[in-house]
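Beneath this line is the structure, given in structure tokens, with notes to follow.
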């Protein structure tokens, strides 16, 4: 075999070993992030499941909303005000981030 080819194969083997070592190190360093990502995945799956249930049972949802409106109208208005303020803050923050990202 050609000396140059042998050297290339040896260099390739060393690079693969280094890559494997770096992958293992990266997996070890990112282990705490995996827990947070798993939690986020579970929350997203639960939200999707809740959305499907709400779409499948609209009469139950409407009955609960009407009951809460009749029994606790102040609480509903307070929650609606809080929700609107939160949504507006979120929209402003997203616009601010987008403007900051586009200038970079």
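Values in this text are rule-based calculations from the coordinates and carry no lab data. Note that the structure is predicted; figures quoted are calculated from it, not measured. As a convention, Cβ positions derive from the backbone with ideal geometry for all residues, glycine included, and neighbour counts pool all protein chains shown.
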Find how much the distance from residue 36 to residue 49 grows on full extension, using 0.36 nm per residue of separation minus their present alpha carbon separation; answer in nm with one decimal. 2.7 nm
Mind sorting out which of [x] 1.03; [y] 0.93; [z] 1.34 is the real Rg/Rh (Cα atoms, Kirkwood Rh) computed from the coordinates? [z]
Sites residue 94 and residue 72 - FRET efficiency at Förster radius 25 Å, r taken between beta-carbons, to 0.05: 0.20
Spin-label pair residue 65/residue 84, simplified geometry with 7 Å Cα→Cβ offset, distance in nm: 1.6 nm
In degrees, nearest 10, the alpha-carbon axis of helix 31-56 is tilted away from the dominant principal axis of the alpha carbons of the chain by 40 degrees
What do you get for Rg/Rh over region 1-56 if you use C-alpha atoms and the Kirkwood form of Rh? 1.49
